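Enquirer: Before I ask anything, here is the structure I am working with.
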Amino acid sequence: MSDAPTFGFDTLQIHAGARPDPATGARQTPIYQTTAYVFRDAEHAAALFNLQEVGYIYSRLTNPTVAVLQERIATLEGGVGAVCCSSGHAAQIMALFPLMGPGRNVVVSTRLYGGSITQFSQTIKRFGWSAKFVDFDDMDAVAAAVDDDTRAIFCESIANPGGYVTDLDAAASVADAAGIPLIVDNTSATPYLCRPIDHGATLVVHSMTKYLTGNGTVTGGVVVDSGTFDWSASDKFPSLSAPEPAYHGLKFHETFGALAFTFHGIAIGLRDLGMTLNPQAAHYTLMGIETLSLRMERHVQNAEKIAAWLETHPGVQAVTYAGLPSSPSHEKMTRICPKGAGGLFTVALKSGYEGCVKFVDALELFSHVANLGDTRSLVIHSASTTHRQLTEEQQVAAGAAPNVVRISIGIEDADDLIRDLDQALAAASV
Ligand SMILES: *Cc1c(COP(=O)(O)O)cnc(C)c1O
């Protein structure tokens with residue numbers, strides 16, 4: 001769709017990247033359930049392997065169903081290309097892989113999904129990488145944490161679980177001044193509520209497992225490239241700017257320009273790390289994205305109503321939802337995600353850790369699960385589950401203190417959800 005930018009979000013979420021199947025005319029994108037693709041002849045095969053011609057070789061690298069999803073998400077995010085991966089966590093590694101190396105570090109927000117905190121504080125050390133955790137309310141501290149070995153800045157647009165909104169424009173200024181990319185995890189906001197590239201992000205990552213698929217059927221992730229970063233401006237990013245031995249000395253940035261990061265993600269990242277999304281999962285995610293804006297509007301409407309109700313409940317100590325005028329994030333929300341603060345927030349109960357345990361056990365319509373961004377409403381006590389590997393100090397910094405439950409508001413009737421919360425709060429206070 002060469003005229004894609006003239007269409008609105010609701011149109012693009014259905015059409016971007018898709019066209020009737022050239023072989024059959026099928027209107028819905030077929031699931032290309034195939035591992036390999038027949039080469040026209042030996043010369044064609046050689047050109048594909050040399051990256052001289054773009055096409056399909058083997059589904060660890062590229063697959064037509066996955067390619068439609070990549071183009072759709074890149075379009076919705078305002079990027080030039082995207083690489084789908086097997087999970088959100090895979091996408092984070094795939095985003096960092098071309099940038100980092102032994103001894104290099106990434107400056108990250110203290111307010112992240114619990115699994116991301118563990119990935120960054122523990123697991124990436126095995127690669128010789130490290131992360132510096134900083135409070136992104138203090139952009140001077142973020143700037144001060146950047147050193148000669150820093151290769152990226154990483155934060156979430158609306159941070160999970162606390163519903164905290166990051167000042168992306170300010171974070172992008174720090175990254176620009178340092179000559180390094182800003183990577184934004186846009187899982188909780190989705191491109192419908194926030195487009196980080198419009199605020200200066202270089203790369204956007206998602207757990208597609210959440211709102212993009214939207215109904216709890218898929219594990220998937222994606223890295224979107226803005227195409228705006230000059231990888232050759234310094235010698236900091238040799239994977240993209242220097243000759244690549246595995247492709248006869250090809251330089252990705254010189255050869256592919258704005259698409260350098262995307263081509264590297266496929267030709268090196270997926271080829272050698274193998275964190276590939278399967279076509280069936282891509283199909284479910286494409287189906288989900290067709291209704292993304294409709295779902296996000298309802299998630300926001302329900303969350304605003306329920307957060308406002310909870311805030312006045314006598315058993316509740318605090319509600320952190322940037323959509324509430326009382327939230328310290330509210331002003332940032334009006335700039336970064338003006339259509340709403342999403343469907344995710346936390347509630348601190350006066351009845352403490354024990355009250356939280358009784359509360360989640362008493363809920364009937366809400367499911368107690370380690371997931372978010374589903375059509376159905378979900379709840380989790382982070383301190384005893386997703387954030388239990390963290391110290392209490394890390395839990396508090398991440399918005400997951402022992403008396404806090406995380407709520408992911410679905411698209412059911414808000415009044416039914418309120419009735420369920422009401423009876424569970426009564427059970428929590430006895
Ligand atoms: C779930 C989640 C992840 C990890 O994604 P997976 O698909 O579970 O690997 C990363 N970031 C955020 C904000 C998430 O909610």
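Enquirer: So S2 ticks every box in (1) at pLDDT below 95; (2) exposed (fewer than 14 other Cβ atoms within 10 Å of the Cβ); (3) part of a helix (DSSP H, G or I) but one. Which box is left unticked?
Expert: (3)
Enquirer: Where residues in the range 216-237 are within 14 Å of the ligand (Cβ to nearest atom) and surrounded by fewer than 24 Cβ atoms within 10 Å (Cβ to Cβ), which of them is farthest from R295 (Cα to Cα)?
Expert: So, considering only residues that are within 14 Å of the ligand (Cβ to nearest atom) and surrounded by fewer than 24 Cβ atoms within 10 Å (Cβ to Cβ), the one farthest from R295 (Cα to Cα) is T219.
Enquirer: One residue is enough: does the range 392-403 have a residue meeting the conditions in contact with a helix residue (DSSP H, G or I) (Cβ under 7 Å, 6 or more places away or on another chain), closer than 20 Å to W309 by Cβ and in contact (Cβ under 8 Å) with a residue 12 or more places away in the chain? Write out each step before concluding.
Expert: So in the range 392-403, the residues in contact with a helix residue (DSSP H, G or I) (Cβ under 7 Å, 6 or more places away or on another chain) come out as 394-395, 398, 400-403.
Right, trim to closer than 20 Å to W309 by Cβ and you get 403.
Imposing the further condition that a residue be in contact (Cβ under 8 Å) with a residue 12 or more places away in the chain reduces the set to 403.
Checked the range 392-403: at least one residue is in contact with a helix residue (DSSP H, G or I) (Cβ under 7 Å, 6 or more places away or on another chain), closer than 20 Å to W309 by Cβ and in contact (Cβ under 8 Å) with a residue 12 or more places away in the chain.
Enquirer: Residues in the range 108-138 that are within 12 Å of the ligand (Cβ to nearest atom), of a type in the set (F, W, Y) and assigned to a loop (DSSP other than H, G, I, E, B): how many?
Expert: 1
Enquirer: Among the residues of the range 148-159, is any in contact with a Phe, Trp or Tyr (Cβ under 6 Å, 6 or more places away or on another chain), within 14 Å of the ligand (Cβ to nearest atom) and aliphatic (A, V, I, L, M)? Please lay out each step first, then the result.
Expert: Narrowing the range 148-159 to residues in contact with a Phe, Trp or Tyr (Cβ under 6 Å, 6 or more places away or on another chain): 155.
Retained after the next criterion (residues that are within 14 Å of the ligand (Cβ to nearest atom)): 155.
If we keep only those that are aliphatic (A, V, I, L, M) as well, we get none.
No.
Enquirer: Out of all the residues in the range 178-197, which are within 12 Å of the ligand (Cβ to nearest atom) and within 19 Å of L292 (Cα to Cα)? Give the steps one after another, and end with the answer.
Expert: Just the residues of the range 178-197 that are within 12 Å of the ligand (Cβ to nearest atom), to begin with: 183-190.
Within the range 178-197, D185, N186, T187, S188, A189, T190 qualify.
Enquirer: Residues to consider are A91, A141; find the one that is assigned to a helix (DSSP H, G or I) and either within 23 Å of Q394 (Cα to Cα) or without any contact (Cβ under 8 Å) to a residue 12 or more places away in the chain (or both). Give the steps one after another, and end with the answer.
Expert: Values: A91 fails: either within 23 Å of Q394 (Cα to Cα) or without any contact (Cβ under 8 Å) to a residue 12 or more places away in the chain (or both).
On inspection, the qualifying residue turns out to be A141.
The values are calculated or read from the model by the stated rules, or taken from the named source; none is laboratory data. Since the structure is predicted, the reported quantities are computational estimates derived from the model, not experimental observations. Don't worry about glycine lacking a Cβ; one is built from the backbone with ideal geometry, like all the others, and counts go over all protein chains shown.
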